[in-house]
């Protein structure tokens with residue numbers, strides 16, 4: 001989608017502080033971090049939200065994104081203390097950019113409930 005900022009970041013068209021990139025996903029630091037480590041994990045294929053990644057292909061992509069986020073967490077040294085992976089869906093769920101993405105948060109003790 002040409003006007004989607006996350007599509008443009010995932011493709012490398014817009015620069016970002018990239019942690020890791022593959023043909024299927026990109027992980028980059030959030031510009032407004034909510035924890036010492038706050039990385040966004042996005043698929044290169046555009047889906048507006050988690051609810052749009054359905055069927056066998058959607059399940060495969062969601063599984064890949066979670067596994068990719070876990071690999072990035074390990075690379076960033078978060079395994080020992082732990083981390084949180086969050087998917088906001090829709091405006092009431094806190095989603096502000098309508099391209100499916102995961103928030104990887106860590107580097108401190110995270111409180112609960114989150115919001």
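Where a number appears in this text, it was derived from the coordinates with a stated rule and is not lab data. Note that the structure is a prediction, hence the values are computed from the model and not measured.
Overview of results
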{"read-out": "Helix axis angle, 55-75 relative to the chain longest principal axis, alpha carbon, degrees", "value": "40"}
{"read-out": "Value at 222 nm in deg cm²/dmol, rounded to 500, when DSSP H runs of n ≥ 4 in the chain each add -39,500 (n - 2.57)", "value": "-7500 deg cm²/dmol"}
